[in-house]
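Below: the structure, in C-alpha coordinates.
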Amino acid sequence: MSTDPLSAGTPSCLPRHVAIIMDGNGRWAQAQGLSRSQGHRAGALAVREIVTYCRKIGLRHLTLYAFSNENWNRPQAEISALFTLLLDFLKSELPRMLREGIALKVFGDVDGLPLPVRTALKMAIKRTEQGRDMALNLALNYGARQEILRATRSMLAEGLSPEDVTEERFASHLYSAGQPDPDFIIRTSGEQRLSNFLLFQCAYAELYFTPRAWPDFTPACMEEALADYARRQRRFGKTQEQIDAGNSTVSGSEQK
Ligand code: FPP
(Lines give C-alpha, C1' and ligand atoms only; values in the text may rest on other atoms or scores of the structure.)
Protein backbone atom coordinates (compact mmCIF):
# COMPACT_ATOMS: atom_id res chain seq x y z
CA MET A 1 0.00 0.00 0.00
CA SER A 2 1.33 3.41 -0.93
CA THR A 3 1.44 6.09 1.73
CA ASP A 4 2.30 8.89 -0.66
CA PRO A 5 -0.78 10.15 -2.48
CA LEU A 6 1.31 11.35 -5.36
CA SER A 7 2.75 7.89 -5.95
CA ALA A 8 -0.56 6.11 -5.58
CA GLY A 9 -1.74 4.11 -8.55
CA THR A 10 -5.33 4.14 -9.75
CA PRO A 11 -7.22 1.35 -8.00
CA SER A 12 -8.42 -1.20 -10.56
CA CYS A 13 -12.17 -0.80 -9.97
CA LEU A 14 -12.65 2.82 -9.11
CA PRO A 15 -16.15 3.85 -8.06
CA ARG A 16 -17.61 6.73 -9.98
CA HIS A 17 -18.90 8.41 -6.85
CA VAL A 18 -17.62 8.14 -3.28
CA ALA A 19 -19.46 9.81 -0.40
CA ILE A 20 -17.89 10.16 3.04
CA ILE A 21 -19.39 10.71 6.47
CA MET A 22 -16.43 12.39 8.15
CA ASP A 23 -16.99 11.42 11.76
CA GLY A 24 -14.83 11.50 14.88
CA ASN A 25 -13.18 14.92 14.97
CA GLY A 26 -14.45 15.50 18.50
CA ARG A 27 -13.33 12.12 19.87
CA TRP A 28 -9.99 12.48 18.13
CA ALA A 29 -9.48 15.86 19.82
CA GLN A 30 -10.56 14.58 23.21
CA ALA A 31 -8.08 11.69 22.96
CA GLN A 32 -5.29 14.24 22.35
CA GLY A 33 -6.44 16.62 25.08
CA LEU A 34 -7.45 19.21 22.48
CA SER A 35 -10.63 21.22 21.99
CA ARG A 36 -13.35 20.06 19.61
CA SER A 37 -12.53 22.99 17.33
CA GLN A 38 -8.94 21.79 17.13
CA GLY A 39 -10.32 18.39 16.15
CA HIS A 40 -12.24 20.02 13.30
CA ARG A 41 -9.07 21.85 12.24
CA ALA A 42 -7.31 18.50 11.96
CA GLY A 43 -10.37 17.24 10.09
CA ALA A 44 -10.07 20.09 7.60
CA LEU A 45 -6.45 19.08 6.91
CA ALA A 46 -7.66 15.54 6.23
CA VAL A 47 -10.23 16.96 3.81
CA ARG A 48 -7.47 18.65 1.81
CA GLU A 49 -5.40 15.46 1.64
CA ILE A 50 -8.31 13.26 0.64
CA VAL A 51 -9.49 15.68 -2.05
CA THR A 52 -5.93 15.83 -3.42
CA TYR A 53 -5.70 12.05 -3.46
CA CYS A 54 -9.11 11.54 -5.06
CA ARG A 55 -8.35 14.05 -7.80
CA LYS A 56 -4.99 12.38 -8.36
CA ILE A 57 -6.46 8.90 -8.88
CA GLY A 58 -9.17 10.22 -11.19
CA LEU A 59 -12.26 9.88 -9.00
CA ARG A 60 -15.05 11.80 -10.74
CA HIS A 61 -17.45 12.52 -7.89
CA LEU A 62 -16.64 13.02 -4.22
CA THR A 63 -19.25 14.04 -1.64
CA LEU A 64 -18.25 15.05 1.89
CA TYR A 65 -20.77 15.38 4.73
CA ALA A 66 -19.49 18.57 6.34
CA PHE A 67 -22.49 20.00 8.23
CA SER A 68 -25.85 18.34 8.80
CA ASN A 69 -29.17 19.96 9.64
CA GLU A 70 -28.75 18.52 13.13
CA ASN A 71 -25.33 20.13 13.58
CA TRP A 72 -27.08 23.45 14.37
CA ASN A 73 -27.64 21.94 17.83
CA ARG A 74 -23.90 22.13 18.60
CA PRO A 75 -22.44 24.91 20.78
CA GLN A 76 -22.28 28.23 18.90
CA ALA A 77 -18.47 28.39 19.27
CA GLU A 78 -18.09 25.04 17.56
CA ILE A 79 -20.44 26.03 14.73
CA SER A 80 -18.47 29.25 14.21
CA ALA A 81 -15.20 27.31 14.19
CA LEU A 82 -16.58 24.97 11.53
CA PHE A 83 -17.68 27.82 9.29
CA THR A 84 -14.33 29.58 9.74
CA LEU A 85 -12.59 26.40 8.62
CA LEU A 86 -14.89 26.16 5.65
CA LEU A 87 -14.13 29.76 4.66
CA ASP A 88 -10.38 29.08 4.99
CA PHE A 89 -10.78 25.98 2.87
CA LEU A 90 -12.64 27.83 0.12
CA LYS A 91 -10.06 30.60 0.08
CA SER A 92 -7.01 28.36 0.02
CA GLU A 93 -8.38 25.68 -2.30
CA LEU A 94 -10.10 27.79 -4.94
CA PRO A 95 -6.96 28.28 -7.07
CA ARG A 96 -6.30 24.55 -7.00
CA MET A 97 -9.90 23.71 -7.86
CA LEU A 98 -9.68 26.04 -10.85
CA ARG A 99 -6.32 24.62 -11.93
CA GLU A 100 -7.36 21.00 -11.56
CA GLY A 101 -10.82 21.13 -13.11
CA ILE A 102 -12.71 20.59 -9.87
CA ALA A 103 -16.30 21.84 -9.79
CA LEU A 104 -17.49 22.70 -6.30
CA LYS A 105 -21.14 22.01 -5.51
CA VAL A 106 -23.24 22.14 -2.38
CA PHE A 107 -25.81 19.56 -1.37
CA GLY A 108 -28.03 21.35 1.11
CA ASP A 109 -29.72 24.64 1.86
CA VAL A 110 -27.05 27.25 1.09
CA ASP A 111 -29.45 30.09 1.83
CA GLY A 112 -29.76 28.91 5.42
CA LEU A 113 -26.02 29.42 6.03
CA PRO A 114 -24.49 32.59 7.51
CA LEU A 115 -24.06 35.37 4.94
CA PRO A 116 -20.23 35.27 4.60
CA VAL A 117 -20.31 31.47 4.10
CA ARG A 118 -23.18 31.72 1.63
CA THR A 119 -21.40 34.43 -0.34
CA ALA A 120 -18.08 32.55 -0.46
CA LEU A 121 -19.78 29.32 -1.47
CA LYS A 122 -21.83 30.91 -4.24
CA MET A 123 -18.73 32.63 -5.60
CA ALA A 124 -16.68 29.39 -5.54
CA ILE A 125 -19.49 27.40 -7.14
CA LYS A 126 -19.82 29.97 -9.91
CA ARG A 127 -16.09 30.24 -10.53
CA THR A 128 -15.54 26.48 -10.67
CA GLU A 129 -18.66 25.53 -12.60
CA GLN A 130 -16.68 24.79 -15.77
CA GLY A 131 -14.60 22.17 -13.91
CA ARG A 132 -14.92 18.94 -15.83
CA ASP A 133 -12.57 16.54 -14.06
CA MET A 134 -14.12 16.11 -10.66
CA ALA A 135 -17.24 17.22 -8.81
CA LEU A 136 -16.54 18.03 -5.17
CA ASN A 137 -19.88 18.09 -3.39
CA LEU A 138 -19.96 19.50 0.11
CA ALA A 139 -23.06 18.44 2.03
CA LEU A 140 -23.75 21.54 4.10
CA ASN A 141 -26.88 22.34 6.04
CA TYR A 142 -27.96 19.00 4.61
CA GLY A 143 -30.39 16.28 5.60
CA ALA A 144 -31.62 13.51 3.31
CA ARG A 145 -35.24 13.57 4.52
CA GLN A 146 -35.35 17.31 3.99
CA GLU A 147 -33.87 16.82 0.51
CA ILE A 148 -36.58 14.27 -0.32
CA LEU A 149 -39.32 16.60 0.93
CA ARG A 150 -37.84 19.47 -1.07
CA ALA A 151 -37.83 17.36 -4.24
CA THR A 152 -41.43 16.30 -3.61
CA ARG A 153 -42.57 19.88 -3.09
CA SER A 154 -40.73 21.00 -6.19
CA MET A 155 -42.45 18.32 -8.31
CA LEU A 156 -45.84 19.21 -6.87
CA ALA A 157 -45.17 22.88 -7.64
CA GLU A 158 -44.47 21.90 -11.24
CA GLY A 159 -47.92 20.31 -11.36
CA LEU A 160 -46.63 16.84 -12.26
CA SER A 161 -49.22 14.09 -12.37
CA PRO A 162 -48.58 10.89 -10.34
CA GLU A 163 -47.60 8.85 -13.40
CA ASP A 164 -44.93 11.42 -14.27
CA VAL A 165 -43.18 10.83 -10.96
CA THR A 166 -40.54 8.31 -12.00
CA GLU A 167 -37.29 7.46 -10.23
CA GLU A 168 -35.38 9.46 -12.81
CA ARG A 169 -37.67 12.49 -12.49
CA PHE A 170 -37.41 12.33 -8.72
CA ALA A 171 -33.62 12.10 -8.86
CA SER A 172 -33.52 15.14 -11.10
CA HIS A 173 -35.03 17.20 -8.26
CA LEU A 174 -32.39 16.18 -5.73
CA TYR A 175 -29.22 18.17 -5.01
CA SER A 176 -27.28 15.41 -6.77
CA ALA A 177 -29.16 15.88 -10.06
CA GLY A 178 -26.96 15.06 -13.03
CA GLN A 179 -24.46 13.05 -10.98
CA PRO A 180 -24.37 9.26 -10.60
CA ASP A 181 -25.56 7.74 -7.33
CA PRO A 182 -22.78 7.11 -4.83
CA ASP A 183 -21.29 3.66 -5.36
CA PHE A 184 -19.41 3.69 -2.10
CA ILE A 185 -20.17 5.26 1.27
CA ILE A 186 -17.38 5.55 3.81
CA ARG A 187 -17.99 6.39 7.45
CA THR A 188 -15.11 6.93 9.83
CA SER A 189 -14.89 6.60 13.59
CA GLY A 190 -16.70 3.35 14.19
CA GLU A 191 -20.36 4.30 13.98
CA GLN A 192 -22.36 2.16 11.57
CA ARG A 193 -25.29 4.27 10.42
CA LEU A 194 -26.18 6.67 7.62
CA SER A 195 -27.33 9.60 9.77
CA ASN A 196 -29.73 11.11 7.25
CA PHE A 197 -27.15 11.14 4.44
CA LEU A 198 -28.15 10.63 0.79
CA LEU A 199 -30.93 8.18 1.66
CA PHE A 200 -32.51 8.14 -1.82
CA GLN A 201 -29.19 8.01 -3.68
CA CYS A 202 -27.63 5.28 -1.49
CA ALA A 203 -30.11 2.57 -2.50
CA TYR A 204 -27.40 0.37 -4.03
CA ALA A 205 -24.28 1.82 -2.45
CA GLU A 206 -21.63 -0.35 -0.87
CA LEU A 207 -20.96 0.64 2.73
CA TYR A 208 -17.57 0.82 4.45
CA PHE A 209 -17.04 1.52 8.13
CA THR A 210 -13.65 2.11 9.69
CA PRO A 211 -12.80 2.68 13.37
CA ARG A 212 -10.33 5.42 12.38
CA ALA A 213 -11.32 8.94 13.33
CA TRP A 214 -11.62 11.33 10.39
CA PRO A 215 -8.43 13.32 11.17
CA ASP A 216 -6.49 10.03 10.97
CA PHE A 217 -8.09 8.98 7.69
CA THR A 218 -5.12 9.36 5.37
CA PRO A 219 -4.86 8.77 1.62
CA ALA A 220 -3.42 5.34 2.48
CA CYS A 221 -6.66 4.58 4.37
CA MET A 222 -8.65 5.75 1.37
CA GLU A 223 -6.59 3.51 -0.88
CA GLU A 224 -7.31 0.58 1.44
CA ALA A 225 -11.05 1.38 1.40
CA LEU A 226 -11.05 1.56 -2.41
CA ALA A 227 -9.24 -1.78 -2.61
CA ASP A 228 -11.99 -3.24 -0.42
CA TYR A 229 -14.61 -1.78 -2.77
CA ALA A 230 -12.85 -3.25 -5.81
CA ARG A 231 -13.13 -6.74 -4.30
CA ARG A 232 -16.89 -6.51 -3.82
CA GLN A 233 -19.51 -8.06 -6.07
CA ARG A 234 -22.42 -5.77 -6.80
CA ARG A 235 -25.52 -7.69 -7.81
CA PHE A 236 -28.31 -5.11 -7.97
CA GLY A 237 -30.91 -7.80 -7.19
CA LYS A 238 -29.64 -10.28 -9.78
CA THR A 239 -28.58 -13.86 -8.99
CA GLN A 240 -24.99 -14.94 -9.34
CA GLU A 241 -26.06 -17.22 -12.23
CA GLN A 242 -27.61 -14.28 -14.10
CA ILE A 243 -24.46 -12.30 -13.59
CA ASP A 244 -22.23 -15.17 -14.74
CA ALA A 245 -24.44 -15.78 -17.79
CA GLY A 246 -24.95 -12.23 -18.94
CA ASN A 247 -22.73 -9.34 -19.72
CA SER A 248 -24.25 -7.46 -16.79
CA THR A 249 -21.17 -7.81 -14.65
CA VAL A 250 -21.42 -5.97 -11.42
CA SER A 251 -17.89 -5.74 -10.17
CA GLY A 252 -17.02 -2.83 -7.92
CA SER A 253 -16.99 -0.15 -10.57
CA GLU A 254 -20.22 -1.02 -12.40
CA GLN A 255 -23.27 1.16 -11.98
CA LYS A 256 -26.93 0.17 -11.85
C1 FPP B 1 -17.98 14.95 12.73
O2 FPP B 1 -17.14 14.87 13.86
C3 FPP B 1 -17.57 16.04 11.86
C4 FPP B 1 -18.31 17.15 11.61
C5 FPP B 1 -19.61 17.39 12.24
C6 FPP B 1 -17.85 18.22 10.72
C7 FPP B 1 -16.91 17.84 9.62
C8 FPP B 1 -16.01 18.99 9.35
C9 FPP B 1 -14.72 18.91 8.97
C10 FPP B 1 -14.09 17.65 8.62
C11 FPP B 1 -13.83 20.13 8.89
C12 FPP B 1 -14.28 21.27 8.03
C13 FPP B 1 -14.81 20.88 6.69
C14 FPP B 1 -14.34 21.35 5.49
C15 FPP B 1 -15.02 20.93 4.25
C16 FPP B 1 -13.19 22.23 5.38
P17 FPP B 1 -17.80 15.03 15.30
O18 FPP B 1 -17.56 16.40 15.77
O19 FPP B 1 -19.23 14.60 15.26
O20 FPP B 1 -16.94 13.99 16.10
P21 FPP B 1 -17.40 13.18 17.39
O22 FPP B 1 -18.53 12.29 16.96
O23 FPP B 1 -16.17 12.42 17.75
O24 FPP B 1 -17.81 14.19 18.41
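For the reader, a short list of remarks on this structure follows.
- Rough spin-label spacing in nm, given labels placed 7 Å along Cα→Cβ, for residue 30 and residue 203: 3.8 nm
- With the simple model of a label 7 Å out from the Cα in the direction of the Cβ, residue 92 to residue 233 spans 4.5 nm.
- Cubic angstrom per residue, convex hull over Cα atoms of the stretch 1-133: 123 Å³
- Across all directions, the shadow cast by the convex hull of the chain built on its C-alpha atoms averages 15.2 square nanometres.
- Partner lysines for residue 56 [C-alpha distance under 25 Å; skip if fewer than 8 residues away on the same chain]: 91, 105, 126
- Positive end of the dipole of the chain (Cβ unit charges, origin at the Cα centre): among 38, 25, 67, the Cα lying farthest that way belongs to 38.
- Local charge for residue 21 was computed over the other residues whose Cβ lies under 11 Å away, with Lys and Arg +1 and Asp and Glu -1, and equals 0.
- Taking label points 7 Å from Cα along the Cα-to-Cβ direction, residue 111 and residue 149 give a separation of 1.6 nm.
- Summed over the residues of the chain and divided among them, the accessible surface reaches 49 Å² per residue at a probe radius of 1.4 Å.
- Average Cα contact separation per residue, the chain, under 8 Å, 6 or more apart, as relative contact order %: 29 percent
- Charge dipole of the chain (Cα centre as origin; +1 on each Lys and Arg Cβ, -1 on each Asp and Glu Cβ, all else neutral): 580 debye, rounded to the nearest 20.
- Available extension along the chain between residue 242 and residue 99 is 47.0 nm, counting 0.36 nm per residue and deducting the alpha carbon span.
- Neighbour cut-off at most 14 other Cβ (10 Å), DSSP loop, GluC sites (Glu not before Pro), the stretch 86-186: 129, 158
- Mean residue ellipticity (222 nm) of the chain, computed from DSSP H runs ≥ 4 via -39,500 (n - 2.57), nearest 500: -13000 deg cm²/dmol
- Given charges at Cβ of Lys, Arg, Asp, Glu: the stretch 84-235 dipole, positive-most of 178, 209, 85: 85
- Only beta bridges with both residues in the chain are counted; by DSSP, about 5 percent of them are antiparallel.
- Euclidean distance between Cα centres, the stretch 140-194 to the stretch 11-33, Å: 22 Å
- Taking the chain as a Gaussian network of alpha-carbon nodes connected by springs under 10 Å, the highest mean-square fluctuation of the residues 57, 20, 243 belongs to 243.
- Radius 10 Å from Cβ of residue 59, net charge of other residues (Lys, Arg +1; Asp, Glu -1): +3
- The chain: most fluctuating residue of 81, 177, 31 per GNM, C-alpha cutoff 10 Å: 31
- Partners of residue 122 within straight-line reach, counting aspartates and glutamates whose Cα lies under 13 Å from its Cα and excluding those fewer than 8 residues away in the same chain: 109, 111.
The values are calculated or read from the model by the stated rules, or taken from the named source; none is laboratory data. Please read all numbers here as calculations on a predicted model, not as lab measurements. Reconstructed Cβ throughout: ideal geometry from the backbone, glycine too, with neighbour counts over all protein chains shown. In case anyone asks, the SASA skips ligands and DNA or RNA and just uses the protein heavy atoms, side chains included. Shrake-Rupley method; radii C 1.70, N 1.55, O 1.52, S 1.80 Å.
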